[in-house]
Amino acid sequence: MSILSKFRFGLKIVGGSPQRILNYRYGSQCGDVDPEVMKDLEEGYKKLASSNSKSLLKKHLTKEIFEKLKTKTTPHFKSTLLHCINSGLCNHDSGVGVYAPDPEAYTVFADLFDPIIEDYHKGFCKAAKHPEACFGEGKDFENLDPDNKFIQSTRVRCGRSIEKFPFNPCLTEPEYLKLQDMISCALMSLCGEHQGKFYPLDGMDPAVQKQLIEDHFLFKEGDRFLAAAGASRFWPKGRGIFHNEAKTFLVWCNEEDHMRIIAMEKGGDLGRVYDRMISGVEELAKELKFSRDERLGNLTFCPTNLGTSIRASVHIKLPNLTKKPEELQKLADKYNLQVRGTHGEHSEAKGGVHDISNKRRLGLTEHETIREMHDGIRALIEAEGKAK
Ligand code: ARG
């Protein structure tokens, strides 16, 4: 029996709304797509096509592309189109709706990923190549809100995958544990400002976990978009969080990506936060080998995070603009910003506090990414003053 015919892709739904549970296996012949998978694909596609979903998946998965891709599998992990699109098929309210189960999926299913990538990252076309890494320095970005009138906190994160490991849907339980081991060991080597402790999620005191989530330090559990993508298997095994004592430098282990490297603090000193993230990433790169693709830069599970993988965000109070949501959205679009609710993605803005960040991460350098966010936030603060 080939290793591929074992159940590797069963989805355990953690919390969230009830939804179809994928639990299937591959046929014994490599390259075959299991009939059950094909049935789910056909039915799911039909439902999506007749829905009013606004997702990029619905927009770009034409009948022609669907027919072309539905029988394909990736060479090594045998991931199917269903692995890539199940999240968007189960969640019609997705903004995007696709994930790459393994790095090869970006090439095998390029007819779907490429147009989605081009749409999300504003013009990163098929022939485009992500530039070499160029972080620059935090000192180029002055404090956005020195009087502390608007910005409550600033956060800069990037995602990293470890070479030779696939993404969530293809990881085995021992691989999750191996990754956690490698990552927590590397984190132990950090010193100075970055020095801290790793806390595995498995066995964490629920009260501690709740507090960490409320303080925006820890990822939330039971994300239905991730669960449907096959990213919650063996939860909470292999998952964890690292933070320094001040909780200004954090690393998530095996949530959506193998690693999320995060710097954050109260106030609007973007440059200082950015510098802290850069030095953390540079130290960790001495211990771990990160996956990088010639065309797509840093490789991540979700195509929205490719390239620099940087999301620089602020929690910002804009009471006047909040009363004019169309104007806020228009400005955000103009400056390539994304507006999220107070508790991040797919959440509400409580008390007029928004989470606003850069949207594009691919096709521009790290320094340019931060510049785009910095200039956009400055423009929003200016507009807030005039929007009375
Ligand atoms: N799949 C979700 C959606 O399409 C999230 C997309 C981007 N966010 C992320 N955490 N990868 O809405």
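Quick notes on this structure:
- Kyte-Doolittle at least 1.0, axis length at least 30 Å by Cα - qualifying DSSP helices, the chain: none
- Relative contact order of the range 216-287, defined on C-alpha pairs under 8 angstrom at six or more residues apart (%): 20 percent
- Rounded to the nearest 20 debye, the dipole magnitude of the chain is 800 debye, with +1 charges on Lys and Arg beta carbons, -1 on Asp and Glu beta carbons, and the Cα centre as origin.
- Applying a DSSP loop filter and a limit of 14 other Cβ atoms within 10 Å to the trypsin sites (Lys or Arg not before Pro) in the range 24-119 leaves Lys54.
- Centroid-to-centroid separation of the range 103-150 and the range 265-295 [C-alpha atoms, Å]: 15 Å
- Helix-only [θ]222 nm of the chain, DSSP H runs n ≥ 4, -39500 (n - 2.57) each, per residue, nearest 500: -10000 deg cm²/dmol
- Distance between the range 341-383 and the range 34-91 - C-alpha centres, whole angstrom: 31 Å
- Charge dipole of the chain about the Cα centre (unit charges at C-beta), most positive-ward option of Ser87, Ile316, Pro200: Ser87
- Computed 3J(HN,Hα) for the range 189-202, one whole-Hz value per residue from the Karplus formula 6.51 cos²θ - 1.76 cosθ + 1.60 where θ = phi - 60°, is 7, 6, 9, x, 4, 8, 4, x, 9, 9, 10, x, 6, 5, glycine and proline marked x.
- Each residue, Glu287 and Thr107, gets one label point 7 Å from its Cα in the Cβ direction; the gap between the two is 3.2 nm.
- Glu382 paired with Lys164, simple spin-label distance in nm, labels 7 Å along Cα-to-beta-carbon: 5.1 nm
- Taking a ≥ b ≥ c as the square roots of the eigenvalues of the Cα gyration tensor, the range 162-250 is classed as oblate, since a/c reaches at least 1.5 and a/b does not exceed b/c.
- Selected from His346, His121, His258 as most flexible by GNM, with the chain as the system and alpha-carbon contacts under 10 Å: His346
- With contacts taken as Cα pairs under 8 Å at a separation of at least 6 residues, the range 254-383 carries a relative contact order of 22 percent.
- For the chain, modelled as a GNM whose springs connect Cα atoms under 10 angstrom apart, the maximal fluctuation among Ala105, Ala285, Ala231 occurs at Ala285.
- Shape category assigned to the range 243-325 from the gyration tensor of Cα positions, a/c cut at 1.5: oblate
- Filter on Lys54/Lys323; Lys47/Lys126; Lys317/Lys386 - keep pairs with C-alpha separation over 19 Å: Lys54/Lys323; Lys47/Lys126
- Length released on extending from Lys334 to Thr71, taking residue separation times 0.36 nm less the Cα-Cα span: 90.7 nm
- The chain - percent relative contact order, Cα under 8 Å, separation 6 or more: 20 percent
- Prolate/oblate/rounded label for the range 113-192 (Cα gyration tensor, a/c 1.5): oblate
- Residues Trp252, Trp235, arranged from fewest to most other Cβ atoms within 10 angstrom of their Cβ, appear as Trp235, Trp252.
- For the range 127-220: lysine pairs under 25 Å (alpha-carbon distance), excluding those fewer than 8 apart on one chain: 8
Here, each number is a calculation from the coordinates, and none is a lab measurement. This is a predicted model, so every value here is computed, not measured. Cβ: placed from backbone, ideal geometry, glycine included. Neighbour counts: every protein chain shown.
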